[in-house]
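This report refers to the structure that appears directly beneath it.
The values are calculated or read from the model by the stated rules, or taken from the named source; none is laboratory data. Keep in mind that what you see is a predicted model, and the values were worked out from it rather than measured. Reconstructed Cβ throughout: ideal geometry from the backbone, glycine too, with neighbour counts over all protein chains shown.
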Amino acid sequence: MRRFLSLLLIIFPLFLNAQQDTSSYVVISDIIIEGNNVTQTSIILKELTFAQGDTINISDFANEMRLSRENVQNTTLFNFVDFECISDENFPANVQLKIKVTERWYLWVYPYVSYADRNLNAWYEADDLKRFSYGFDLEHRNFPGLKHSLKITCIAGYNQNYGLSYDIPYLVDKYCFGLKAGFAYKRDKEVAYVTNDNKISYFNGGEEFAKQTTNFFVEPYYRFGHRNKLFLNICYNDTYFHDTLLCLNPDFNGHFQYFSLMMTFKNDYRDEQNYPLIGHYLELLLEKTGLGFFDTSPDIFYGKITADWYQPIKGRWYWSSNLTLKMSADYDAPYFLNKGLGYGNDYVRTYELYVVDAMNFALMKNNLKFAILNPVTRYLPLIKNERFGKIHFALYANVFFDCAYSWKIPAESACYLDNKFIFGTGIGIDFVTYYDKVIRFEYGINDMGETGLFIHFVAPI
């Protein structure tokens, strides 16, 4: 009896502590997924930071739910993702997680219309409506319910592009390994051959094409954690230029054949990829163009760092900043490979009509945003299909300030904006809606006193 009482005295406090500790953790007793009629359940489960049966500290529970919901949303497979946690009345520490998703439409065959310039404003300034390309893209973004992406491109007109690519994000049972591969054949009627006063001059081949390119690529990648990816892109390029271009610019010697190797690391903690408001993004890129296998191979090596930061201020106010650095030791890159400011998303707003062909530059973008209309969800009464009839949209006003500095070597070959601090500022309106669509209208002024209205279709930062 005495031994029993002694044992009871030892066990009873432990039992009390165990009862008290249940309030410090949560057990994921069950995970129920609804709405994934096409997407396999395993694809969604891979994006969760926990699994069924896991125990989560109560202090970490809300953050784990938030990160997991963002992971599922950023697969770009769903228009809407909702998490609901249901506690067990008999065992309060046990929680059932119900995930409700609204799938997107995955098979797209849509007409393609594009302009022949770097952006819409540059095309409009050229004042030539014939410089259009047209065709179609066929894309399946969730084949066969495993998030595989198949894309077939067929574009004719001014610039032509025919290509095929296939992306397998989960090459093995684990989510960490993926593989993308494809090829493309392109023919362009006109080619940029020189930059004068920081504006591009083009050569038109007339009845012939000014440039023809064939490339093949293989891109294995590794995903570790849920927010980190490492890519290794190996690409073969075979490019022919019109004979006349050699007379206009000695960089165009007619034929270039080369391999390129690019390694990219991405750390992505944004809440939404298409239009983020909270979080950060880091990208490190190293690229070697020309590996020495061909006599016509160029020899270029550069590194690039992109860092984005998104911070809510108070209420409807948000702040975002971007810093981009590009550095290269190769100053004699062929003209058609010499991309500095003004290409892609590397530009100072209000300078859309200009380029700075410098392989070394520093760029900073800053945005102060106000949510005129916070994200809302509406149903379109005439569309019964939930993939299209249920939409979300938001409207933001913003004030921006961008600045940059480039290094052009040798300095005597520099244009007016090279080796100079430039900046632009202005105001804008951003409309954001489902299927990752963004429309931006911005009006600004640069340090040269030039003003303009600019239109873009991606987030500024």
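Brief remarks follow.
- As a summary of the residue check, residue 336 satisfies the conditions (1) outside any loop (DSSP other than H, G, I, E, B); (2) more than 21 Å from residue 213 (Cβ to Cβ) except for the one numbered (2).
- Number of the exception - residue 400 against (1) touching a Phe, Trp or Tyr at 6+ places or on another chain (Cβ under 9 Å); (2) crowded, with 20+ Cβ neighbours inside 10 Å: (1)
- For the range 218-272, filtering for residues that are on the phi > 0 side of the Ramachandran plot and without any contact (Cβ under 8 Å) to a residue 12 or more places away in the chain leaves 1.
- The strands (runs of 3 or more DSSP E) found entirely in the range 120-179 that carry 2 or more residues being under 16 Å from residue 77 (Cβ atoms) and either out of contact with any Asp or Glu (no Cβ under 7 Å at 6 or more places or on another chain) or at pLDDT below 90 (or both) are 132-143, 159-168.
- Only listed residue being surrounded by 18 or more Cβ atoms within 10 Å (Cβ to Cβ), closer than 19 Å to residue 290 by Cβ and among the charged types (D, E, K, R), chosen from 357, 332: 357
- The range 49-90, subset under 18 Å from the mean Cα position of the chain (by Cα) and in a loop (DSSP other than H, G, I, E, B), residue surrounded by the fewest Cβ atoms within 10 Å (Cβ to Cβ): 76
- Of all residue pairs spaced 6 or more apart or on separate chains, those with beta-carbon atoms under 7 Å, a first member in the range 284-307 that is touching a residue at least 24 places away in the same chain (Cβ under 8 Å) and within 24 Å of residue 364 (Cβ to Cβ) and a second member that is in a strand (DSSP E or B) and small (Gly, Ala, Ser) are 286/303; 287/260; 302/328.
- Given (1) under 26 Å from residue 247 (Cα atoms); (2) in contact with a His (Cβ under 9 Å, 6 or more places away or on another chain); (3) not hydrophobic (A, V, I, L, M, F, W, C), index of the condition residue 166 fails: (1)
- Tally of residues being among the β-branched types (Val, Ile, Thr) and under 22 Å from the mean Cα position of the chain (by Cα) across the range 209-247: 2
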